[in-house]
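The values are calculated or read from the model by the stated rules, or taken from the named source; none is laboratory data. Since this is a predicted model, take the numbers as computed values, not measurements. Positions of Cβ are backbone-derived with ideal geometry, glycine not excepted, and every protein chain shown enters the neighbour counts.
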Amino acid sequence: MAAAPDADSLPLRAWHFAEGNSRNGFETYFTLLNLTEQPASVMANYNRDDGIRLVQWLGIEPRQRLSLNANEVVGARAFGASFYSDQNIVVERTTTWGPGQNAETIVGFAPDGRKGWYFAEGTTRGRATTYFVTQNLTDIPANVTATFTRDDGSVEKRAYSVPPRARDAYRVNDLMQDTAFSASFRSDQDLVVERTIMTEGERPPAVKPNREQRNKANGQTDDSFAMARNAIGVFGGLGYIASGAEPGLRSWEFAEGSTRAPYRLTFVLFNPGNQGTAVRLRFQLEQGETRSHTLSLPAMSRVAFDPRTVVPAADFATSISADRPIVAERAYATSGDGLYGVLGHTASPPRSDSRAWYFAEGNTSSQIETFFVLFNLSTRPTQVRGTYFLEAASAREQHLTVPAGGRLAVRANEIVPAGVFSARFEADQNIMVERTLYFPGGSGFTTVGSGVGTP
């Protein structure tokens, strides 16, 4: 059976999730994709908030996917989870619930190891609540200092300790009200830190629908889309960190972007350093036109930029570059509620390119629409082969061409009309790929894929 590997030397074999919830009608699913031609043996560790640890053993056939409901393992608890495999895998988490709530959870940015984590976005304004969930990955208590930087540059700090293998969930609204902020975390032990931004509306009486019924109910009540009209969903997350001499901090890429109604898009930029920097945003429209904008980002500050003034009512990809290291996030707001998902944290695999991308989760059932957005990072046209791995049928393929520096949105429903699947995209030039799922009530979420280097 699989033993816990050294995550630094064997990336893609250890995946960590700080956030998990099976209480109050929440359903948490994990989807695992075996990237190899060998069977994968996987050990899943669940660390419940009451201190109990549970272990589950899983087997995944070559190039196959497996989806599991964590509620059936952990019971009605909050929990963190880690997955260890003897083969390269991709692991994603999806959480669903009934109408009246919205949330987005993302893992933080850890450029120099798992003792330091950064988040550009955070808000306690309006009906928004922000939580940070910390999972201690070690057998030693972790001492953590969290620093929250407001728009005006003022800071608040929180020092706390997390017991071995335990988790800590903190509601930032209890510390700071009606403000927007960025956050950084420093620890003396390895951690994973995730952020959840949540809004809540009035909820109907609790029911226990199955997964298909729950997806159909997202954003709907007895008054059709009444809850969708009254709720605000948040989805977005970190960009892709391009490779190079200085990977990541000075260059960020986003394949997905839209300023068309009903979506409101904001790029949140956080400068964690002691020197100000110029930041350049380049927008590549789907029709081929390019527009740009430059702004100044002072030291230890955050800026939220609305691109509607530069690219109104358009779909586009975005490249962000800075003279000094920054953290960049994309945040969406839309009507609707119901589901969110994210990749787990794994050590950054060594790579010389970004020509292969994987997604463990894909869904076109229950009126869900799934789009894959491809962004060509090169100055040459690229040929891309998309492969869709179905649970109970043969894999399906499509061949695509993306112009030099261009963006292409692919509707997966046309390849997989109604089903669940995993996906792989292989290109002959450097690309990045993101996936957006849209739900009947108007909500959705966007996730960057797992890039694993040369196919």
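Look at Val144 and say whether it is touching a residue at least 40 places away in the same chain (Cβ under 8 Å) and not basic (Lys, Arg). In short, yes. Out of Ala299, Ala313, Ala317, Ala278, one residue alone is hydrophobic (A, V, I, L, M, F, W, C) and crowded, with 16+ Cβ neighbours inside 10 Å. It is Ala317. Do the conditions hold for Ile431, that is, is it under 21 Å from the mean Cα position of the chain (by Cα), under 15 Å from Glu256 (Cβ atoms), crowded, with 19+ Cβ neighbours inside 10 Å and not assigned by TED's automatic domain parsing to the domain that holds Tyr29? Yes. Of all the listed residues (Tyr388, Tyr358), the sole one being assigned to a strand (DSSP E or B), touching a Ser or Thr at 6+ places or on another chain (Cβ under 7 Å) and among the aromatic types (Phe, Trp, Tyr) is Tyr358.
The set of residues from region 96-109 being β-branched (Val, Ile, Thr) and either at pLDDT below 75 or more than 15 Å from Thr446 (Cβ to Cβ) (or both) comprises just one member, Thr96. Applying the criterion of at least 1 residues that are under 21 Å from the mean Cα position of the chain (by Cα) and more than 26 Å from Thr436 (Cβ to Cβ) to the strands (runs of 3 or more DSSP E) found wholly in region 43-101 leaves 79-85.
Can you go through Ser352, Ser335 and tell me which one is over 21 Å from the mean Cα position of the chain (by Cα), of a type in the set (Gly, Ala, Ser) and at pLDDT below 80?
Working: Ser335 fails: over 21 Å from the mean Cα position of the chain (by Cα).
Just a single option satisfies the conditions, and that option is Ser352.
The residues of region 38-85 include none that are touching a helix residue (DSSP H, G or I) at 6+ places or on another chain (Cβ under 6 Å) and touching a residue at least 40 places away in the same chain (Cβ under 8 Å).
Looking across region 391-428, just one residue is surrounded by fewer than 24 Cβ atoms within 10 Å (Cβ to Cβ), among the small types (Gly, Ala, Ser) and either part of a strand (DSSP E or B) or in the same structural domain as Thr318 (by TED's automatic domain parsing) (or both), and that is Ala409.
Arg260 passes every criterion in (1) closer than 19 Å to Val433 by Cα; (2) in a loop (DSSP other than H, G, I, E, B); (3) charged (D, E, K, R); (4) over 17 Å from the mean Cα position of the chain (by Cα) apart from (1).
Per-residue answers, yes or no, for (1) modelled with pLDDT of 90 or more; (2) farther than 26 Å from Glu61 by Cβ:
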site	(1), (2)
Leu390	no, no
Ser394	no, no
Thr401	yes, yes
Ala409	yes, yes
Ala412	yes, no
Phe421	yes, no
Gln429	yes, yes
Arg435	no, no
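Of all residues in region 107-133, those satisfying the criterion of being within 19 Å of Ser82 (Cβ to Cβ) and part of a loop (DSSP other than H, G, I, E, B) are Gly108, Ala110, Arg114, Lys115.
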